[in-house]
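Heads up: the structure comes next, in structure tokens.
Where a number appears in this text, it was derived from the coordinates with a stated rule and is not lab data. Predicted, not measured: the structure shown is a model, and the values here were computed from it. Counting neighbours? That spans all protein chains shown, and the Cβs are built from the backbone with ideal geometry, glycine included.
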Amino acid sequence: MCKLFIHANPELWSSATHSLRIDGMVTSVRMEHYFWLILEEIATRDGMNTAQLITRLYHESIDAGHDLGNFTSFLRVCALRYQALQLTGDIPTHHEIPIATLDAEEILVREGRSRHSQVH
């Protein structure tokens, strides 16, 4: 089992720092390459580059009242949720389907139902 992980390309877990501007302020984000690849895929689906996606996630999170004290962790979780939602079929694996066209409210309701049934 572990061979699948141990013998993967080491580049995937090496870190990279990307600098971007959010509201005129230069911000640096350091994550493993694998997370950058996933965020790039998400951004591309909706016609953005990675910096635009991250800026949008930042603004929408602030608008929703989230405390982004650890923004890098938030981005990692976004990447993992994207993959988890693909596994459940809530986000199509076809990259030509923009995420913005999906019914986010319905997906969240289904996810909540599924989580509720797992607890009981």
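Observations on the model:
- Computed over the stretch 1-88, the Cα gyration tensor eigenvalues convert (square root of 5λ each) into semi-axes of 24, 15, 13 Å, ordered from largest to smallest.
- Of Val29, Val77, Val109, the one that fluctuates the most in a GNM where the chain has Cα springs shorter than 10 Å: Val109
- The chain - charge dipole about Cα centre, Lys and Arg +1 at Cβ, Asp and Glu -1, debye rounded to 20: 400 debye
- Karplus-derived HN-Hα couplings along the stretch 53-68 (A = 6.51, B = -1.76, C = 1.60, θ = phi - 60°), whole Hz, x at Gly and Pro: 4, 4, 4, 5, 4, 4, 5, 5, 5, 4, 4, 7, x, 6, 8, 9
- The gain in end-to-end length when the Val109 to Ala8 segment is fully stretched comes to 32.8 nm, 0.36 nm per residue minus the alpha carbon separation.
- Residue with peak Gaussian network fluctuation, the chain [Cα springs, cutoff 10 Å], from His33, His95, His66: His66
- Annotation note: GluC sites (Glu not before Pro) in the stretch 44-120 located in DSSP loop regions with a Cβ neighbour count of at most 10 within 10 Å are Glu96.
- Farthest toward the positive end of the dipole of the chain, out of His66, Gln52, Pro98, is the Cα of His66, where the dipole comes from beta carbon charges about the Cα centre.
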